[in-house]
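To keep things clear, I will list the structure first and then write my remarks on it.
The values are calculated or read from the model by the stated rules, or taken from the named source; none is laboratory data. Worth saying up front: this structure is predicted, and the values here are computed from it rather than measured. Neighbour counts run over all protein chains shown; Cβ positions are idealised from the backbone, glycine included. Just so you know, the surface numbers come from the protein's heavy atoms only, side chains and all, with ligands and any DNA or RNA stripped out. Shrake-Rupley method; radii C 1.70, N 1.55, O 1.52, S 1.80 Å.
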Amino acid sequence: MPRLDRLPQVNRNNLLMLPVRVNDSAPFTRPPRPLTGCSLAIVTTAALHRRDDRPFEPGDQGYRVIPAGTPPADIIQSHTSLGFDRVPFMRDPNICFPVDRLDELVTRGELGRTAPHHYSFMGAQRELSRMEQETGPQVGRRLREEGVDAALITPT
């Protein structure tokens, strides 16, 4: 996320006045079992993808699949936003893709397993219709088909 104080005034005003969607209709759903028996996937809006995948472009409402076990050096971020600082992710990918932390939870027996795939979207979207009607539900179906019990949603 860009620091507002580093943006030109016109961009700062644009971000501050951007309408934010509020979702009051999605109910909290308890996991079907304790986390010690759950499969968990990461779903992020950090525009992450494997090095050989197609990069995200501005307004891209698609998603990318990141197989479990993908080496961190093969995961890159193609988020495009004025003033966006990629340095924290470059220093530690766990900032927005905490797969190492999940592996530690599995090792300690506090989480059942990580999912076979994780999913990434491009954040900072102004138009969401395709994500709401097509790509979001596609990822939801894939998660269900893979037996995923819970998703950890991480921001940009």
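Considering only residues that are on the phi > 0 side of the Ramachandran plot and either open to solvent by 70 Å² or more (accessible area, probe 1.4 Å) or β-branched (Val, Ile, Thr) (or both), which ones fall in segment 7-52?
We begin by selecting, within segment 7-52, every residue on the phi > 0 side of the Ramachandran plot; these are 47.
Selection gives nothing.
Step by step: first the residues of segment 1-59, then only those that are closer than 23 Å to Phe89 by Cα and hydroxyl-bearing (Ser, Thr, Tyr), then the one that is modelled with the highest pLDDT. Which residue is that? Among those residues, the one meeting the criterion is Thr44. Highlighted here would be strands (runs of 3 or more DSSP E) found entirely within segment 66-156 that include at least 3 residues which are in contact with a helix residue (DSSP H, G or I) (Cβ under 9 Å, 6 or more places away or on another chain), on the phi > 0 side of the Ramachandran plot and at pLDDT below 90, but there are none. Flag: Phe97 does not match the condition of being within 21 Å of Glu145 (Cα to Cα) and open to solvent by less than 60 Å² (accessible area, probe 1.4 Å).
Results for (1) assigned to a loop (DSSP other than H, G, I, E, B); (2) in contact (Cβ under 8 Å) with a residue 24 or more places away in the chain; (3) in contact with a Ser or Thr (Cβ under 7 Å, 6 or more places away or on another chain), shown as yes or no for each residue.
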| residue | (1), (2), (3) |
| --- | --- |
| Asn11 | no, yes, no |
| Leu18 | yes, yes, no |
| Arg21 | yes, yes, no |
| Phe28 | yes, no, no |
| Arg33 | yes, yes, no |
| Thr36 | no, yes, no |
| Ile42 | no, yes, yes |
| Pro55 | yes, no, yes |
| Gly59 | yes, yes, no |
